[in-house]
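Below is one structure, written out as structure tokens, with a few remarks after it.
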Amino acid sequence: MFYTYILKSFYDGTYYYGSTKNLEERLKTHNKGKVRYTKGHRPWELHYFKTFQTRSLAVKRELFFKSIDGYRFLKEKGII
């Protein structure tokens, strides 16, 4: 299983979009400050995730979320 996820910063309320195979470990990595972008916005909470059968599908959804259409979709659904 692969995941597309959205994190929300407790520090400033910003969102981070990503994809991974191991969601729990990835969240720990972000909160330990091992990811350049998320380091300055710690701590993070898992805000949303979706499961996919392949890495390709998970990455495609991540890229969609990062697009303006994806942003609108997330706003319309009340996810962010």
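The values are calculated or read from the model by the stated rules, or taken from the named source; none is laboratory data. Bear in mind the structure is a predicted one, so any value in this text is a computation, not a measurement. All Cβ positions, glycine included, derive from the backbone under ideal geometry; neighbour counts span all protein chains shown.
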Query raised in the report: Can you name the residue in region 1-53 that is over 12 Å from the mean Cα position of the chain (by Cα) and basic (Lys, Arg) and, of all such residues, is surrounded by the most Cβ atoms within 10 Å (Cβ to Cβ)?
Result: 42
Report summary line: Pairs returned, first residue in region 26-54 that is over 16 Å from residue 79 (Cα atoms), second residue that is aromatic (Phe, Trp, Tyr) and not in a loop (DSSP other than H, G, I, E, B), beta-carbon separation under 6 angstrom, 6 or more apart or interchain, are 30/44; 31/44; 38/16; 52/2
Query - In region 58-68, the residues that are touching a strand residue (DSSP E or B) at 6+ places or on another chain (Cβ under 6 Å), closer than 13 Å to residue 6 by Cβ and surrounded by 15 or more Cβ atoms within 10 Å (Cβ to Cβ) - result: 58, 61, 62, 65
Query - Tally of residues being in a helix (DSSP H, G or I) and surrounded by 14 or more Cβ atoms within 10 Å (Cβ to Cβ) across region 69-80 - result: 4
**Report entry** Residue that is farthest from the chain's Cα centre (by Cα), among those in region 54-68 that are assigned to a helix (DSSP H, G or I) and of a type in the set (Val, Ile, Thr)
**Finding:** 68
Query raised in the report: In the set 48, 71, which member is farther than 13 Å from residue 4 by Cα, modelled with pLDDT of 95 or more and of a type outside the set (A, V, I, L, M)?
Result: 71
